[in-house]
Amino acid sequence: MIKHIFLDLGMVTVRLCMQRCIDAFKLLGIHDVDRQITNCRQHGIFNGIELGLVSVGDFHQHVRQQYAVNVTDEQIDAAWNAFILDSPVALQQLVHRLHSRYNTYILSNTNQIHFEFWANRCMGGEGGYSVDECFNKCYLSNELHLVKPDPEIYRAVLADCGADAAECLYLDDNLANVEAARKLGWNASVSSSPEQTIDILTRFEQTGLY
């Protein structure tokens, strides 16, 4: 029986546009970000902040030094956050309903800058709900110092929330992350968009199937 629902962030609960991010960095004079970032896994300094190996301040300074650009912290954050579009209100409302019956969580490869932008700018608003109103807890790679699909991140999450893998439903847009969870006994499915997440969770809410 499913008792716990885990959702990835990017392309599962929030829309992403990598090209907007790349274009925003190019406007700052940074032209090779397309070799550093993807929807699922980052590289270089972008991987460092996603693993929590560098602080936000060190990230800003590294970007300025590595690319020899005279830009502010706010300009860097705005370019980095251009990656993120929105979390549909309909999905927030659905997760909020499920939260009254199940333990609901975020499990994401992400970083402090993106997470705070999503939590403060994408969640809530008219008809929407805050992160605290939708989720018991958010498990983030930059805080755990682990990234999916490393099996250890799934084990760490289960140990922390006291859940059994067989009681968990997990949605992720990356098949490798889904398969890693399945190997550890999780019930996991691929969702490639917030709209697909709504379809899967609505079916689950109505029938118990996913």
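The residue list 207, 202 contains one member that is surrounded by 13 or more Cβ atoms within 10 Å (Cβ to Cβ) and among the hydroxyl-bearing types (Ser, Thr, Tyr), which is 202.
Would you call residue 30 without any contact (Cβ under 8 Å) to a residue 24 or more places away in the chain and over 26 Å from residue 178 (Cβ atoms)? Considered against the rule, which asks whether it is without any contact (Cβ under 8 Å) to a residue 24 or more places away in the chain and over 26 Å from residue 178 (Cβ atoms), residue 30 comes out as no. Screening the candidates 163, 159, 176 for the property of being modelled with pLDDT of 95 or more and in a loop (DSSP other than H, G, I, E, B) yields one hit, 163.
Based on what the data block shows, is residue 182 more than 17 Å from the chain's Cα centre (by Cα) and not in a loop (DSSP other than H, G, I, E, B)?
On the way: more than 17 Å from the chain's Cα centre (by Cα): yes; not in a loop (DSSP other than H, G, I, E, B): yes.
So residue 182 passes the test.
Taking the criterion of being assigned to a helix (DSSP H, G or I) and in contact (Cβ under 8 Å) with a residue 24 or more places away in the chain, the residues of region 185-205 that qualify are 194, 195, 197, 198, 200, 201, 202, 204, 205. I'd like to know if region 72-92 contains one or more residues that are at pLDDT below 95, more than 22 Å from residue 123 (Cα to Cα) and not β-branched (Val, Ile, Thr). No, because not a single residue in region 72-92 is at pLDDT below 95, more than 22 Å from residue 123 (Cα to Cα) and not β-branched (Val, Ile, Thr). Cβ-Cβ distances below 8 Å connect the following pairs, each with a first residue in region 107-132 that is in contact (Cβ under 8 Å) with a residue 40 or more places away in the chain, a second residue that is basic (Lys, Arg), and a separation of six or more residues or different chains: 107/148; 109/41; 109/148. When region 12-46 is filtered for residues that are more than 30 Å from residue 199 (Cβ to Cβ) and either of a type in the set (Asp, Glu) or assigned to a loop (DSSP other than H, G, I, E, B) (or both), the ones remaining, listed by number, are 23, 28, 29, 30, 31, 32, 34, 36, 43. Cβ-Cβ distances below 6 Å connect the following pairs, each with a first residue in region 157-182 that is free of Cβ contacts under 8 Å to residues at least 24 places away in the same chain, a second residue that is surrounded by 15 or more Cβ atoms within 10 Å (Cβ to Cβ) and aromatic (Phe, Trp, Tyr), and a separation of six or more residues or different chains: 165/186. Applying the criterion of being closer than 18 Å to residue 161 by Cα and not in a loop (DSSP other than H, G, I, E, B) to the residues of region 95-109, the residue that is nearest to the chain's Cα centre (by Cα) is 108. If you go through region 47-84 and keep only what is part of a helix (DSSP H, G or I) and buried (at least 19 other Cβ atoms within 10 Å of the Cβ), you end up with 49, 50, 59, 60, 63, 76, 79, 80. Within region 33-54, no residue that is within 18 Å of residue 23 (Cα to Cα) and at pLDDT 90 or above sits with its Cβ atom under 6 Å from a residue that is assigned to a helix (DSSP H, G or I) and not charged (D, E, K, R) at 6+ positions apart or across chains. Quick one: is residue 92 assigned by TED's automatic domain parsing to the domain that holds residue 146 and assigned to a helix (DSSP H, G or I)? Criteria met by residue 92.
The values are calculated or read from the model by the stated rules, or taken from the named source; none is laboratory data. Bear in mind the structure is a predicted one, so any value in this text is a computation, not a measurement. Cβ atoms come from the backbone with ideal geometry, glycine included; neighbour counts cover every protein chain shown.
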